[in-house]
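The values are calculated or read from the model by the stated rules, or taken from the named source; none is laboratory data. What you see is a predicted model; the values in this text were computed from it and never measured. Cβ placement follows ideal geometry from the backbone for every residue including glycine, while neighbour counts extend to all protein chains displayed. To get the accessible areas, we keep the full protein, side chains included, count just its heavy atoms, and leave off ligands, DNA and RNA. Shrake-Rupley method; radii C 1.70, N 1.55, O 1.52, S 1.80 Å.
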Amino acid sequence: MNSIQDIYEAIATEGFSERVLQLIDKHVNDIQNGTRDFPRYNLSEHAGLCKAGPVLIGASIVACYATRSLTASSHAESGQGQCKSRAEISSLDLCRDAACARSAEQGGPANWQIDERQEQLIEQWAKASKLWVEDSDKILTDTFGPMIAQGAEAKVYYREGDKSVVKERTSIYSTT
């Protein structure tokens with residue numbers, strides 16, 4: 001199994017089993033080593049993804065799968081779209097199909113549905129990969145002081161007497 005499509009099929013059938021985690025890790029390593037591209041990003045975005053590291057690359061793979069799986073089920077339920085053979089689907093098409101299917105007029109899922117599915121699957125993947133941190137709000141509060149503001153894009157923490165604040169990005173406007 002080498003392609004992103006193979007990984008998506010493995011997630012669909014096995015969830016985040018040890019074998020699937022290894023497939024994702026190998027794909028992440030291939031992306032970081034320059035032997036494989038992540039087609040959903042242009043060259044500068046791809047470089048930024050690689051610089052951010054393996055966790056973000058892995059989460060991006062899972063997020064793209066979440067979008068793809070939700071889009072595929074939405075189209076299957078509505079009778080839209082045509083089934084393509086695996087050979088006809090490139091990984092670039094998968095991400096493009098997912099992005100195009102977001103619009104309501106095409107019968108795709110709403111952005112909030114995509115966001116919820118991505119959040120659910122990324123949490124499952126992170127827990128299976130032993131990357132998940134329970135009660136992160138408490139850790140941030142204990143380390144940086146109480147949350148003093150919260151908006152659609154961030155939470156802000158500040159400890160009395162400190163010369164700066166800490167901002168946690170929590171954007172609700174971004175569908176990957």
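Ala98 meets each of the listed conditions (1) at pLDDT below 90; (2) more than 22 Å from Ala10 (Cβ to Cβ) apart from (2). Restricting Ala63, Ala72 to those that are free of Cβ contacts under 8 Å to residues at least 24 places away in the same chain and either in contact with a helix residue (DSSP H, G or I) (Cβ under 9 Å, 6 or more places away or on another chain) or not β-branched (Val, Ile, Thr) (or both) reduces the list to Ala72.
Yes/no matrix, rows are residues, columns are (1) over 21 Å from Glu119 (Cα atoms); (2) assigned to a helix (DSSP H, G or I); (3) under 15 Å from the mean Cα position of the chain (by Cα):
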position	(1), (2), (3)
Val20	no, yes, no
Arg36	yes, no, no
Val55	no, yes, yes
Ser60	no, yes, yes
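Looking at this structure, is Thr13 assigned to a loop (DSSP other than H, G, I, E, B) and either crowded, with 17+ Cβ neighbours inside 10 Å or free of Cβ contacts under 8 Å to residues at least 60 places away in the same chain (or both)? Here the answer is no, as Thr13 does not meet what is asked. Take Val55 and decide whether it is at pLDDT 95 or above, open to solvent by less than 70 Å² (accessible area, probe 1.4 Å) and of a type in the set (Val, Ile, Thr). In short, no.
Candidates Asp25, Asp6, Asp37: the one that is open to solvent by less than 30 Å² (accessible area, probe 1.4 Å) and not hydrophobic (A, V, I, L, M, F, W, C) is Asp6. Out of segment 116-136, which residues are open to solvent by 60 Å² or more (accessible area, probe 1.4 Å) and closer than 23 Å to Gly53 by Cβ? Result: Glu119, Gln120, Gln124, Lys127, Lys130, Leu131, Trp132, Val133, Glu134. If the condition is being at pLDDT 95 or above and either touching a helix residue (DSSP H, G or I) at 6+ places or on another chain (Cβ under 6 Å) or open to solvent by less than 40 Å² (accessible area, probe 1.4 Å) (or both), then segment 137-158 contributes Gly145, Val156, Tyr157.
Kindly indicate whether any position in segment 32-42 is β-branched (Val, Ile, Thr) and at pLDDT 90 or above. Within segment 32-42, not a single residue is β-branched (Val, Ile, Thr) and at pLDDT 90 or above.
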